Ligand code: FES
Ligand SMILES: [Fe+2]
């Protein structure tokens with residue numbers, strides 16, 4: 001596969017971020033050919049990938065936490081909207097005429113149909129079933145044949161709003177409309193870490209793939225670089241990275257992996273030679289690159305052995321500009337192909353094997369990112385880490 005040329009000269013300056021502190025640490029790890037290692041191996045029981053009871057408990061524990069919806073600029077202008085599904089909860093993210101971003105349940109108050117699908121910009125969201133329409137704040141503003149519903153209070157029939165809040169350029173929401181979102185508690189020290197980049201990402205493109213694997217099998221594939229020489233040797237991800245050496249830093253329930261890029265010179269000179277792979281509890285991975293980031297959200301499916309990955313390519317520059325758009329038209333398909341054609345076959349294979357029962361998973365000391373994520377998920381389930 002051909003590599004897209006990444007022109008970093010025109011990308012906006014970031015805040016200081018963690019790279020200044022992190023780059024020498026990652027460089028030292030490369031020199032010593034040894035990254036941060038977990039204390040020991042860790043066994044994940046088969047049931048954690050296959051048992052419907054555990055899957056149901058995870059929905060209440062891990063997925064009761066604030067979930068990262070996307071960068072706040074996923075809806076840039078008043079009237080912009082995007083739909084997605086937070087596990088099992090269809091939502092439409094809308095920037096209102098008042099410039100406030102709301103995460104609304106994408107369920108019509110008539111009989112539940114989704115009032116929007118995909119992405120768009122409009123002053124009204126109109127349900128395709130009987131054409132009830134809502135404004136950009138979710139208020140119900142139109143009912144064809146309104147006399148049929150005259151004894152109902154229209155003001156109480158707006159789209160249900162989920163608790164949401166913006167921090168460090170990203171939007172988080174709860175699936176439970178009656179819950180109280182506490183991002184101070186959820187993000188802890190990760191807020192300052194994300195804030196330090198001064199991130200203001202634009203969404204260049206998004207793809208969603210249905211997977212035949214537990215959501216944690218999918219997550220694991222993006223928490224270690226151990227597989228890179230075997231799975232990614234022919235593509236830009238494998239060729240651009242020094243595999244199986246990572247640094248690990250915990251930030252409360254979340255963590256950061258420092259990954260050396262193949263461009264890392266000796267002696268060390270200025271420049272971005274490190275990718276940060278963030279694990280944002282419970283189900284989000286964000287991998288930074290010199291031009292932007294990849295955002296991966298792993299949503300559990302209807303059964304423990306199915307899931308959905310939503311993969312977004314994030315840009316530091318507005319994708320409204322023609323040259324930026326042209327760059328992403330070349331670059332995004334290459335990145336998407338790596339995930340779709342290289343990662344998905346192996347992570348599904350892992351999911352299918354585990355779904356057959358009989359085998360547990362064992363995570364190596366080198367798979368410290370996978371271990372870190374599992375430890376937090378198990379802690380919230382109240383189960384010991386093995
Ligand atoms: S379900 Fe939306 S208008 Fe009937
Ligand atoms: Fe991979």
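Would you tally the residues in the range 180-223 being within 16 Å of residue 376 (Cα to Cα), in contact (Cβ under 8 Å) with a residue 24 or more places away in the chain and in a helix (DSSP H, G or I)?
So the count comes out to 8.
Would it be correct to say that residue 112 is in contact (Cβ under 8 Å) with a residue 24 or more places away in the chain and in the same structural domain as residue 75 (by TED's automatic domain parsing)? Can you show your working first?
Details: in contact (Cβ under 8 Å) with a residue 24 or more places away in the chain: no; in the same structural domain as residue 75 (by TED's automatic domain parsing): yes.
Criteria not met by residue 112.
Of everything in the range 34-71, what is part of a helix (DSSP H, G or I) and over 23 Å from the mean Cα position of the chain (by Cα)? Give them in sequence order.
47, 52, 53
With the structure loaded, tell me whether residue 147 is away from ligand 2 (no atom under 16 Å from the Cβ) and in contact with a strand residue (DSSP E or B) (Cβ under 8 Å, 6 or more places away or on another chain) or whether it fails that test.
So residue 147 fails the test.
If I go through the range 115-128 residue by residue, how many of them are touching a residue at least 40 places away in the same chain (Cβ under 8 Å) and either closer than 20 Å to residue 203 by Cβ or surrounded by fewer than 16 Cβ atoms within 10 Å (Cβ to Cβ) (or both)?
Residues in the range 115-128 being touching a residue at least 40 places away in the same chain (Cβ under 8 Å) and either closer than 20 Å to residue 203 by Cβ or surrounded by fewer than 16 Cβ atoms within 10 Å (Cβ to Cβ) (or both): 5 in total.
I'd like to check something: does the range 336-346 contain any residue that is within 16 Å of ligand 2 (Cβ to nearest atom) and surrounded by 23 or more Cβ atoms within 10 Å (Cβ to Cβ)?
no
Would the range 177-200 turn up any residue that is touching a strand residue (DSSP E or B) at 6+ places or on another chain (Cβ under 9 Å) and within 16 Å of ligand 2 (Cβ to nearest atom)?
Scanning the range 177-200 turns up no residue that is touching a strand residue (DSSP E or B) at 6+ places or on another chain (Cβ under 9 Å) and within 16 Å of ligand 2 (Cβ to nearest atom).
Taking the condition in a strand (DSSP E or B), more than 16 Å from ligand 1 (Cβ to nearest atom) and buried (at least 20 other Cβ atoms within 10 Å of the Cβ), does residue 171 pass? Lay out the reasoning, then the answer.
Details: in a strand (DSSP E or B): yes; more than 16 Å from ligand 1 (Cβ to nearest atom): yes; buried (at least 20 other Cβ atoms within 10 Å of the Cβ): yes.
In short, yes.
The values are calculated or read from the model by the stated rules, or taken from the named source; none is laboratory data. Model, not experiment: these values are computed from the prediction. For neighbour counting, all protein chains shown are included, and Cβ atoms are generated from backbone atoms with ideal geometry for every residue, glycine included.
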